[in-house]
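Notes to accompany the following structure.
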Amino acid sequence: QKGGRGYVSMTDEQGNPTRAKFTFNLGYLELPLVIKYSYDMDDHMSFQPFIGGYLALGVGGKIRNFKDRQAYGSFSNDDHSFRRFDGGLRFGCGFSYDLAYIELGYDFGLANIGRDDFDTTHNGCLFLNLGVNF
C-alpha cells in the first residue's frame, strides 16, 4: 500500500484562484529482487545489507478530490489516474538477533506512474519489516 496527498492550484467558475486537496491510495502487488549479504557478528547477531530492485503491478486504490467530493479509481484509464506498472531500486539493511529480525529500507521508483505530459510522478517508500527467523 502506497499513497500520499497534495494540493492542486486551479480556478473556479468565476476565474478566481483556488486550491483543491487530493489524497490517493495505491495498492500494489510487488515482487522484490534483491541481493542480501549476511555478516555474522557473533553466534547470535548478524548484519544484513541488501540492494536490488522491485517490480510492481497496481491492483487497486482510490483518488479522492475533496473540493468536488468525488472519488476515482487509482488505476483506471482516466487522465487523473496512475499507470499500473511501477519498478525501481531497493536498498536497506537488516539486523538479526537469534530468531528476531528487523529491516529498514527504501524503494526509489524509476518508472513514471503519472499520466501528465508535463510532470513526472515517481513512487518513493520508506519501509520497516519485523520478522521471525526459523
Pick from Glu30, Glu103, Glu13: which residue has the top mean-square fluctuation in a GNM of the chain where Cα pairs under 10 Å get a spring?
Glu13
Can you sort Tyr97, Tyr54, Tyr28 by 1.4 Å-probe accessible area, starting with the largest?
Tyr97, Tyr28, Tyr54
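Magnitude of the Cβ-charge dipole of the range 36-134, K/R +1 and D/E -1, about the Cα centre, nearest 20 debye?
So the magnitude is around 500 debye.
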Per residue of the range 110-123, in order, report the coupling 6.51 cos²θ - 1.76 cosθ + 1.60 (Karplus, θ = phi - 60°) as ³J(HN,Hα) in whole Hz, putting x for Gly and Pro.
9, 7, 7, 8, x, 9, 6, 6, 9, 10, 10, 10, 10, 7
Could you tell me what percent of the accessible area of the range 18-134 is made up of carbon and sulfur, with a 1.4 Å probe and every protein chain present?
60 percent
Per residue of the range 88-100, what does 6.51 cos²θ - 1.76 cosθ + 1.60 with θ = phi - 60° give for ³J(HN,Hα)? Whole Hz please, x for Gly and Pro, Karplus curve as stated.
x, 9, 9, 8, x, 8, x, 9, 10, 10, 6, 8, 7
Probe 1.4 Å - accessible area at Asp98, Å² to nearest ten:
80 Å²
Point-to-point label distance, Lys67-Tyr39, nm (Cα→Cβ direction, 7 Å offset):
5.1 nm
Spelling it out for Gly61: with amide H atoms placed in the peptide plane at 1.01 Å from N, the residues 5 or more places away or on another chain with amide H under 5 Å from its amide H are Gly27, Ser74
Across the range 126-134, in residue order, what do the Karplus-derived ³J(HN,Hα) couplings come to in whole Hz, using 6.51 cos²θ - 1.76 cosθ + 1.60 with θ = phi - 60° and x for Gly and Pro?
8, 10, 10, 10, 10, x, 10, 8, 8
Spatially near lysine pairs across the chain, Cα under 23 Å, sequence gap of 8 or more or different chains:
5
When the expected Rg is taken as 2.2 N^0.38 Å, what fraction or multiple of it is the alpha-carbon Rg of the chain?
1.38
Give me, ordered by chain and number, the residues 5 or more places off Leu110 or on other chains with an amide H under 5 Å from its own placed amide H.
Gly87, Gly88, Leu89
Å² of accessible area per residue within the chain, as computed with a 1.4 Å probe and no ligands counted
69 Å²
Using a 1.4 Å probe on the protein heavy atoms only, what accessible surface does Thr120 show? Give it in Å² to the nearest 10.
100 Å²
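The values are calculated or read from the model by the stated rules, or taken from the named source; none is laboratory data. In this text, all values refer to a predicted model and were calculated from it rather than measured experimentally. Cβ: placed from backbone, ideal geometry, glycine included. Neighbour counts: every protein chain shown. Just the protein is used for accessible areas: all its heavy atoms, side chains included, with ligands, DNA and RNA removed. Shrake-Rupley method; radii C 1.70, N 1.55, O 1.52, S 1.80 Å.
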